[in-house]
Amino acid sequence: MKDVNTEQAIIDAAEKLFLDKGFVKTTTAEIAGEAGVNHAMLHYYFRTKEKLFNMLFQKKIELLSGSLLTVAGTDLPFFSKLKMFVELQFDFFTANPKLPFFLFSELRDSPERLEIFRNMMSPVFERICGQLSLLIDEEVAKGAIRPVKPMELMMNIASLNVFLFVAQPIAGIFREISQTLPQNFLGDRKAQIVNFVTNSLQIPSAQPPSVPQKKGKVKAKGKASKGNRKAKRGRFKNALTIVLTFMLSPAVFGQLSLEECRTKARDNYPKIKQYGLIEQSKDYSLENAGKAYLPQFTFSAKASYQSDVTTFPAIIPGVVSLTRDQYGVSGELNQTVWDGGRIAGEKKRIAASADVEQKQLDVELYALNEQVNRLFFGILLLEGQLEQNTLFRQELQRNYDLVASYVAHGVAGQADLNVVEAEQWNAVQSRVRIETSLKSYRDMLSAMMGSPPGHLPVLLKPEPPQRLTESINRPELYLFDAQSRLFDSQKDALRSRNLPHVGLFLQGGVSQPGLNMLDGGLSPYYIGGIRLSWNFGNLYSTKNDRLSIGARQSVIQTQRETFLFHLNLQMMQQSDEVGTIAALMKNDEKIIALRRNIRETAEIKVAGGIFSVSDLMREVIAENAALREKALHDIQWLKALYDLELSRN
């Protein structure tokens, strides 16, 4: 059963981190740490970071829209409602000052979240516009305000209210306000917005109101058919779509970072659901283990016939002879007082076992990062090659035009022109190969992230890591630690099973014969007391069991050392690769400059008849190869740095 307090703590922690760091840079591990829960508990409640994000801002939308709709339904005069409408929205942004800029930034860069947000807002937008439309029509009919479209009025109010908070990260406005004029400035600003909106609706006294015409229009609207109302709702939804698309369209601004690709791939991985299942299984097992402290009741019944019974040689008055058929029904209630730590040890073992399962899942999910790295940097490399291919084809076209002019002047022949044209076709074929590989890489990365093919946004080329830490925080190391703790819990269980068990018991029933065997017939009875039991049979195997657990712990330690050994070798190789590529990059610009000079000299020589066009093409191709090498080194160097970072985590 989910705990409301825990769920709210996770939501509060997520809101704080999302607003401070942004969606992409906030990890689920950070949210769990801020909320004071483990990683599996977070996945049990929300499964993915996207679901947590959506729930958080769904509640924000409901909070604001609920207040606005409540105002619209009151009996206050129109301008009083309008004043409250503006003030409520302004107060909402004042209470959540980071929210507007955060939403603009996040929705701009994510087509999925933009679509979800649009679907959230559409019904709210429609309801508010519908209420506002009725109020405006009524006031226009009275001649109290000038005609205005509800959508325009809402956009005017929202833009005036939100500007201060959207602009604060750019101009530092909010910092200045919060330090100098927190009360006066915000209060004055809110009053100015109310006055501005109110004055914009009032009719100048010099303008005669055309009341009859307005009434006629209102009356016509009042008789509008359901089809017209549906059309109006459709226009409201389309208007919202246009506004959001224009302001936040990822097709124009959207870029996807490496970290966000990793997060999406992780959240889309089918096994991510196991976090919640592991947590549920652990909760059920811990609850069952704790029930061992509850009173344990057993019921038994028996009927028997025996070949002989005790007899007396003489008849004793008041004493009945025993019968050979005997019956009994009994119940026994046992209450554990002290179990030597068995139940506590079992709980520790259950928690340790669940932790091992979670850490194993962490290791498997972490391996996805390597695949994402390969595809992400592969796409960047292919995009660079595609760009270089475009420049190369432009250079070939320039040379084609140059040689064509030579042919026209008799300096070169048709064969020379064919040489250039052949290279142009080679460049076209090369482009086809690059585009095919690029599409394949982009589709694979989209599939890993759960996006349909062809919908991958532009990838953001990452900056080099600022600092590569020397410490190693790989999830495999945490798995080894968790496995070692599981064996420690098993050692504790060995200790507790060799200790005595103390408990209270109460037994009662009806039997024939009863406790007084000399009294014939069925008779009730009860027995109560304290019981101590101590099983010494486990002592025979305790030593070997302990040695067996120790041996398995040694295996885990050996696996840890082996993992670190291979990882250090891998990181040494990666560090050397980073250094090698960096050294090559130092000479790339020099080589390109030399190749450019050689190519330009070759063009002059071709014009003078000293060089053939084939010689010129060789230099053009060499210059292009130098440019491709530079682009290749740039991406390879970045990938090597991030691979090294990934190795260390």
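The values are calculated or read from the model by the stated rules, or taken from the named source; none is laboratory data. Treat the numbers as computed from the prediction; the structure is a model and nothing was measured. With ideal geometry, Cβ positions are generated from the backbone for all residues, glycine too; neighbour counts draw on all protein chains shown. The area values use the complete protein model at the heavy-atom level, side chains included, leaving out ligands, DNA and RNA. Shrake-Rupley method; radii C 1.70, N 1.55, O 1.52, S 1.80 Å.
Tabulated values for the structure
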{"quantity": "Cross-link pairs 16/59; 60/190; 51/98; 21/49; 347/491 - those with Cα-Cα distance over 18 Å", "calculated": "60/190; 51/98"}
{"quantity": "Computed E for residue 58/residue 582 - FRET, C-beta separation, R0 45 angstrom, nearest 0.05", "calculated": "0.40"}
{"quantity": "At R0 = 51 Å, FRET efficiency that the Cβ-Cβ distance of residue 522 and residue 277 yields, to 0.05", "calculated": "0.45"}
{"quantity": "Heavy-atom accessible area per residue - the range 348-461, 1.4 Å, Å²", "calculated": "50"}
{"quantity": "Under 14 Å, Cβ to Cβ, from residue 405 - net charge with Lys/Arg +1 and Asp/Glu -1", "calculated": "-2"}
{"quantity": "Nonlocal Lys pairs with alpha-carbon distance under 25 Å, the range 530-649 (8 or more apart, or different chains)", "calculated": "6"}
{"quantity": "The range 270-366, accessible surface, carbon-and-sulfur percent (1.4 angstrom probe)", "calculated": "58"}
{"quantity": "Whole-angstrom gap from the range 460-539 to the range 405-421, using each part's C-alpha centre", "calculated": "92"}
{"quantity": "Label-point separation, residue 196 to residue 20 (7 Å along Cα→Cβ), nm", "calculated": "3.3"}
{"quantity": "Per-residue HN-Hα couplings for the range 9-22 [Karplus 6.51, -1.76, 1.60; θ = phi - 60°; Hz; x = Gly/Pro]", "calculated": "4, 5, 5, 5, 5, 5, 4, 4, 6, 4, 5, 7, 10, x"}
{"quantity": "Two-decimal Rg/Rh across the range 407-487, once Rg and the Kirkwood Rh are taken from alpha-carbon atoms", "calculated": "1.38"}
{"quantity": "Gained length - residue 491 relative to residue 259, 0.36 nm times residue gap less alpha-carbon distance", "calculated": "79.4 nm"}
